[in-house]
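Here is the structure we will look at, set down as structure tokens.
The values are calculated or read from the model by the stated rules, or taken from the named source; none is laboratory data. Computed from a predicted model, the values in this text were never measured in an experiment. Because the Cβ atoms are built from the backbone with ideal geometry, glycine has one as well, and the counts that use them run over all protein chains shown. Just the protein is used for accessible areas: all its heavy atoms, side chains included, with ligands, DNA and RNA removed. Shrake-Rupley method; radii C 1.70, N 1.55, O 1.52, S 1.80 Å.
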Amino acid sequence: MANTFGTDILIQAEDPAAAAKFYVEELGFEITDPNPRMLALHGKHINLFIEPGPPLGSGVLEVTVKNVEQAKRSLVAAGCIIVKDEPDFPRCYVKDPNGLIYNLTE
């Protein structure tokens, strides 16, 4: 059986509205349903849903940016932690304030 992958990602956050604000301001998502029981955000290729609760952990998402160094500086200023930095690639893994890890690439 072949694997199939959807475009939906679900995370939990203690403060879903604050988490949503981060993804809107830092990664360009748009809130499409502000339901406090499950906020819906949509990006160009990913749908992100945030429900109240303790963080569940994370996989690694790939996020393509125009400039890794610029994105890294902005995300660190917004509360992210660098998990692994590979400037020669260029590539950088960051963990955001909600526990989600993503790989920034150009």
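Side notes on the structure shown:
- The residue that is surrounded by the fewest Cβ atoms within 10 Å (Cβ to Cβ), counting only those in the stretch 24-63 that are β-branched (Val, Ile, Thr) and under 14 Å from the mean Cα position of the chain (by Cα), is Val60.
- A residue that is under 22 Å from Thr105 (Cβ atoms), among the acidic types (Asp, Glu), at pLDDT 95 or above and open to solvent by 70 Å² or more (accessible area, probe 1.4 Å) occurs nowhere in the stretch 1-23.
- Scan the stretch 24-48 for residues that are under 20 Å from Ile101 (Cα atoms) and in a strand (DSSP E or B) and the total you get is 7.
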